[in-house]
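Below is one structure, written out as structure tokens; the observations come after it.
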Amino acid sequence: MSERVRWYCVPAAQPLGTREDHVPAEKLGGVLLLLLILLSLGPVSPSTLSVPSESVSDLASTALQLNQVAPGDEDWKVPLAARPLLTTFKQQLRELIGRELNGGAGAGSAEAIRARLANALAREGAPVVEADWQADNPYGRVIGLEVRRPAGLDRWLAVMVKQQITCGEDASLYFFEQREGGWRLAFDLESNGYEDVSGALGSFDFRVSPPDSQGQFFIVAVDVNPWCSSNWQRIRYRAFRPGGDPLHPQPFFQEEETTYIQFGYELSVAADRFRVSFSGYQHLDAGILIRRFSRAYRITGTQVERIGPLAEEENGFIDEWISLPWEIAGRWVVPSKRGSLRAWHGRLQEMLQKHGMDVFTQFRWWGDCGPSRFLSVLDFEWEHPLKPVPRELFFTVQRDGNDFKMERIDMTEQEGCTASP
């Protein structure tokens with residue numbers, strides 16, 4: 001399953017039905033205060049309003065306090081007053097969800113559970129609303145609620161909540177397991193105490209692997225840090241297995257890269273592997289600038305192995321292959337050329353590590369070398385007197401299904417190849 005993620009696209013508030021209960025006079029003050037809270041959070045459909053069980057819930061109080069916190073002149077900084085409140089807000093949301101699940105909301109389809117949870121949030125004074133990216137006071141808004149029943153895991157339920165912050169959103173992911181005593185929190189992924197907005201779990205998504213023969217599974221979570229400027233940010237992907245302290249899950253694998261956020265990312269998970277695709281720098285050619293990255297891994301227990309495809313096109317493969325340590329890059333070569341390719345790999349890595357600021361590289365042209373074979377020419381322009389590589393190199397790449405292998409690197413053109421402009 002693969003899905004393109006777009007930035008800050010969050011679900012709108014859902015109709016929840018109205019209640020016509022008579023409101024006792026002693027509760028009228030509480031209802032009026034709740035209405036003031038909802039109005040402070042922005043436009044909300046009248047159908048989302050319901051009478052709270054208490055005059056004002058702790059959740060509503062925290063939402064109101066957060067909404068009264070104004071960002072400072074440096075909007076990327078999280079105000080001191082908001083930091084502990086954000087943590088408290090997440091705790092209250094998590095506990096409310098747990099209570100509702102054990103109170104009957106955990107039965108039925110994911111859509112039905114989501115509707116009941118959204119109704120409970122509205123009842124408690126923190127309704128799911130549309131994001132308002134122009135809001136002067138963005139904190140205290142729940143802007144996303146999603147419920148999933150992972151395939152093959154009938155006793156498990158995943159709930160994702162997103163709240164608005166300055167310049168983005170912050171997600172929390174909860175997994176509940178149904179046991180004899182009811183639904184119990186088994187996994188809680190959230191970010192707390194961050195001083196600037198880049199610490200939040202922005203543009204968040206996750207996937208769950210199908211269970212193995214022992215019922216074990218893993219979770220892959222991807223986030224891109226929010227920020228108030230630039231299309232270049234950090235993408236992070238982590239893999240977890242539930243177990244241990246649910247409030248402090250530890251990933252058995254994590255990586256991060258720089259990504260160009262306008263093109264989003266894709267995440268797919270299978271029983272023993274996962275893949276993240278995103279856009280990032282083409283390091284070898286500033287004229288191309290952006291290429292598509294492919295990060296695919298095989299999972300065995302908590303052991304992780306890089307697998308193909310390394311890239312989505314030939315020049316991207318060359319860029320990725322040079323950047324990898326030889327222990328990995330050496331698996332993507334034609335076996336008969338391993339010796340010479342290892343020598344070239346070492347020379348190219350030395351150039352990038354020691355002289356990267358003094359060299360300009362560019363793919364000048366490419367050629368067709370027959371079925372599933374590709375020739376690319378990389379030019380080098382030096383500003384440094386030391387020249388560990390020549391002015392141009394010829395790379396011959398073989399296509400292997402949806403992946404590639406390095407066949408040849410040399411200072412001369414491959415025979416039998418036809419140049420293309």
* Does at least one position in the range 145-155 carry a residue that is farther than 26 Å from Gly193 by Cα and among the hydrophobic types (A, V, I, L, M, F, W, C)? -> yes
* Ala311 being buried (at least 19 other Cβ atoms within 10 Å of the Cβ), more than 23 Å from Gln216 (Cα to Cα), in contact (Cβ under 8 Å) with a residue 40 or more places away in the chain and among the small types (Gly, Ala, Ser) -> yes
* Structure fact -> Out of (1) outside any strand (DSSP E or B); (2) out of contact with any Leu (no Cβ under 8 Å at 6 or more places or on another chain); (3) in contact (Cβ under 8 Å) with a residue 24 or more places away in the chain, the one Arg234 does not meet is (1)
* Only one of (1) touching a strand residue (DSSP E or B) at 6+ places or on another chain (Cβ under 9 Å); (2) not in a strand (DSSP E or B) fails for Gln214. Which number is that? -> (1)
* Got a number for residues in the range 155-184 being modelled with pLDDT under 95 and either outside the structural domain of Leu101 (by TED's automatic domain parsing) or under 21 Å from Ala131 (Cα atoms) (or both)? -> 0
* Before we move on, is Arg391 charged (D, E, K, R) and either closer than 30 Å to Ser230 by Cα or surrounded by 14 or more Cβ atoms within 10 Å (Cβ to Cβ) (or both)? -> no
* **Among (1) crowded, with 22+ Cβ neighbours inside 10 Å; (2) under 27 Å from Ser198 (Cβ atoms) - the single one Ala122 does not satisfy** => (2)
* Asked: Within the range 282-322, restricting attention to residues that are in a loop (DSSP other than H, G, I, E, B) and acidic (Asp, Glu), which residue is modelled with the lowest pLDDT?
  -> Asp285
* Can you tell which of Val224, Val197, Val208 is in contact with a Cys (Cβ under 6 Å, 6 or more places away or on another chain), surrounded by 16 or more Cβ atoms within 10 Å (Cβ to Cβ), among the aliphatic types (A, V, I, L, M) and modelled with pLDDT of 95 or more? -> Val197
* Out of curiosity, is Glu169 acidic (Asp, Glu) and buried (at least 17 other Cβ atoms within 10 Å of the Cβ)? -> yes
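The values are calculated or read from the model by the stated rules, or taken from the named source; none is laboratory data. What you see is a predicted model; the values in this text were computed from it and never measured. Cβ coordinates were reconstructed from backbone atoms using ideal geometry, including for glycine residues, and neighbour counts include every protein chain displayed.
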